[in-house]
Amino acid sequence: MSGAAMSNVLQAFALLGLFLLIGTFLRAKVSWLQKLFIPASVVGGSVGLLIGPQIWGDLTPIQYPADWIAMYGLLPGVLIIPVVASVPLGIDLSQKDNSAGTVRNVFNMFFLMVALFGFQLGVGGAVGAYFATSMPDLGIYATFGLEMPLGFSGGHGTAGVIGNMLNGMGLEYWEIAQGVAVTYATIGLLGGIISGIAIIKWLNTRNMLEGSADPANLPKSWLTGLEPDAEKQRIAGRESTVSTSIDVVAFNFALILAGSGLAIVLRAWVRSLHLPLVGSIPVWAYAIIVMWLIWAAMTRLGISWLVDPGTKSKIASMLTDFAIVAALVSMPVQGVLTYAAPILITAAIGFVGTVVIGISFSRKLFSSEPFERAMLIFGTATGVFLTGLLLLKICDPDFKSAAMRDGSLAYSMNTVFGFVLIPVIVGAAVQSGPIALAGIGAVLLVGAIVGMFALTRLRGASPASQN
């Protein structure tokens, strides 16, 4: 690769950085963006899309080079590898409360997250199968329907998951699928926050919350995305290394990249064996396995203190921000609009069902803070975990309830479970089409419901009846 080619890559990333800065500025200054809590990466990426060639073609005010658009389309699928690889690092469950009530609540929150994922997957697959049968000219592809649960429960960052997998399998529609996932992620993010705040207000008027804040009175930093007060600025992480040897960010990033590199090598070796089915497993699935082994080894050797969870999270967040901007800027708008009808129908059914299932089951499952837990789960199932934390912050301003602790543990379990399950789901869909997604979604939903009520039986009386 020549110096000019490397310079071209740097310029392409510089443009993504510019859009991130524009998004940060707009989020800090535009009140309606603040009220919707839209992340700067989504704002900046949307600006790049709206002024770019994906919408305007040759009439665009800013003409990006064609190879940049191609690079941006591939970037989410590449960056998702180190993001996923970082998940196991720093996980420590040794300090959790092992009481029966805590274990039950954590597993019930996990089962409810799985149930919502299963419901969304089932709806997406069923709608996709319907349109594939009734309107064959629409060209519904085999994995259509998977994008809603990934976009809703995983957010914009996981659009790279579907793109990476389908591209790795040589399927030509991977860019469309990635764009559809980004579309669902945007719908889920906006709809989850707007409807979540409305539900919280409704619950609050009926005194169903133990404590609630007015969304308008949230800290200004939550609205603008900036914290000018040095005393209130959070510490990004701790320095487990000395910079005269290696910077702590460099060390943590190097560890993540090393694990990602080993995963790529491992996948190439496994594929060379030509084993059935195994060859289709995506590289990020290998990455999470490799990093679990690395983390287990570091823990066993007593050097787990080298990994700083705060620094690791910031690295993953940084990569995710760039992946989101790239996914939005490169979204194939015309291709996504082709599927506007099934997307809107799927999103509408998915949203209503997520609200009903999340609130009704939480009311029956949890003896303490049922609606606080419901809003955390609902936010997570529509716009990533941070959306859930935002809604919980409104319900429980000081985080006095156990919902955040239990929800964090449940979300960690759900993340690992999801990354293990997704390759299986995609493989089934590629073989049998959207109807396979509907079937797997139904199995997950029923299985999660059985798990919730079996857990309740094992623990005795219904949690809702315990005070």
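Before moving on, here are some points about what is shown:
- Residue list for the range 101-146, filter: within 26 Å of GLY407 (Cα to Cα) and charged (D, E, K, R): ARG104
- Residue check, LYS35 modelled with pLDDT under 90 and basic (Lys, Arg): yes
- Of all the criteria given as (1) among the aliphatic types (A, V, I, L, M); (2) in contact with a Ser or Thr (Cβ under 7 Å, 6 or more places away or on another chain); (3) farther than 30 Å from LEU392 by Cα, the one not satisfied by LEU337 is (2).
- Answer from ALA341, ALA327, ALA348 - the residue that is among the small types (Gly, Ala, Ser) and under 18 Å from ALA159 (Cα atoms): ALA327
- Scanning the range 399-414 for residues being assigned to a helix (DSSP H, G or I) and either over 15 Å from the mean Cα position of the chain (by Cα) or buried (at least 19 other Cβ atoms within 10 Å of the Cβ) (or both) gives a total of 9.
- Residue within the range 415-433 that is closer than 18 Å to MET375 by Cα and open to solvent by 40 Å² or more (accessible area, probe 1.4 Å) present: no
- Exclusive hit being touching a residue at least 24 places away in the same chain (Cβ under 8 Å), over 22 Å from the mean Cα position of the chain (by Cα) and surrounded by 22 or more Cβ atoms within 10 Å (Cβ to Cβ), set VAL329, VAL325, VAL307: VAL307
- Tallying residues that are surrounded by 18 or more Cβ atoms within 10 Å (Cβ to Cβ) and among the basic types (Lys, Arg) within the range 27-36 yields 1.
- Given (1) open to solvent by 10 Å² or more (accessible area, probe 1.4 Å); (2) closer than 21 Å to ILE80 by Cα, number of the condition GLY151 does not satisfy: (1)
- Tally, over the range 124-137, of residues that are closer than 30 Å to ARG363 by Cβ and either open to solvent by less than 20 Å² (accessible area, probe 1.4 Å) or touching a Leu at 6+ places or on another chain (Cβ under 7 Å) (or both): 3
- Unique residue being among the polar types (S, T, N, Q), in contact (Cβ under 8 Å) with a residue 24 or more places away in the chain and surrounded by 14 or more Cβ atoms within 10 Å (Cβ to Cβ) when the list is THR24, THR60: THR24
- Within the range 37-57, considering residues that are farther than 20 Å from TRP174 by Cα and among the aliphatic types (A, V, I, L, M), the one most open to solvent (accessible area, probe 1.4 Å): LEU50
- Checking the range 166-186 against the condition returns a match, with at least one residue being hydroxyl-bearing (Ser, Thr, Tyr), open to solvent by less than 10 Å² (accessible area, probe 1.4 Å) and closer than 30 Å to MET71 by Cβ.
- Tally of residues being free of Cβ contacts under 8 Å to residues at least 60 places away in the same chain and assigned to a helix (DSSP H, G or I) across the range 32-54: 6
- In this entry, LEU146 is excluded by the filter for residues that are among the aliphatic types (A, V, I, L, M), at pLDDT 85 or above and loosely packed, with under 15 Cβ neighbours inside 10 Å.
- Residue within the range 69-80 that is touching a residue at least 60 places away in the same chain (Cβ under 8 Å), among the hydroxyl-bearing types (Ser, Thr, Tyr) and touching a His at 6+ places or on another chain (Cβ under 9 Å) present: no
- Check on TRP222, more than 15 Å from the chain's Cα centre (by Cα), aromatic (Phe, Trp, Tyr) and surrounded by 17 or more Cβ atoms within 10 Å (Cβ to Cβ): no
- Going through (1) within 12 Å of the chain's Cα centre (by Cα); (2) at pLDDT below 90 one by one, ALA181 falls short only on (2).
- All conditions but one from (1) of a type outside the set (D, E, K, R); (2) open to solvent by 10 Å² or more (accessible area, probe 1.4 Å); (3) not in a loop (DSSP other than H, G, I, E, B) apply to VAL161; the one that does not is (2).
- Some residue of the range 142-149 being among the polar types (S, T, N, Q) and in a helix (DSSP H, G or I): no
- Selection of the range 131-156 for residues being over 22 Å from the mean Cα position of the chain (by Cα) and free of Cβ contacts under 8 Å to residues at least 60 places away in the same chain yields THR133, SER134, MET135, PRO136, ASP137, TYR141.
- The residue that is surrounded by the most Cβ atoms within 10 Å (Cβ to Cβ), counting only those in the range 342-398 that are of a type in the set (D, E, K, R) and closer than 16 Å to ALA115 by Cα, is ARG373.
- Options ALA403, ALA438, ALA374; residue that is modelled with pLDDT under 85 and hydrophobic (A, V, I, L, M, F, W, C): ALA403
- Members of the range 129-165 that are closer than 15 Å to VAL78 by Cβ and in contact with a Gly (Cβ under 9 Å, 6 or more places away or on another chain): THR158, ALA159, GLY160, VAL161, ILE162, GLY163, ASN164, MET165
- Applying the criterion of at least 3 residues that are modelled with pLDDT of 85 or more to the helices (runs of 4 or more DSSP H) found wholly in the range 186-301 leaves 248-272, 283-300.
The values are calculated or read from the model by the stated rules, or taken from the named source; none is laboratory data. Nothing here was measured: the structure is a model prediction, and the numbers come from that model. For neighbour counting, all protein chains shown are included, and Cβ atoms are generated from backbone atoms with ideal geometry for every residue, glycine included. Heads up: the accessible areas ignore ligands, DNA and RNA and are worked out on the full protein's heavy atoms, side chains in. Shrake-Rupley method; radii C 1.70, N 1.55, O 1.52, S 1.80 Å.
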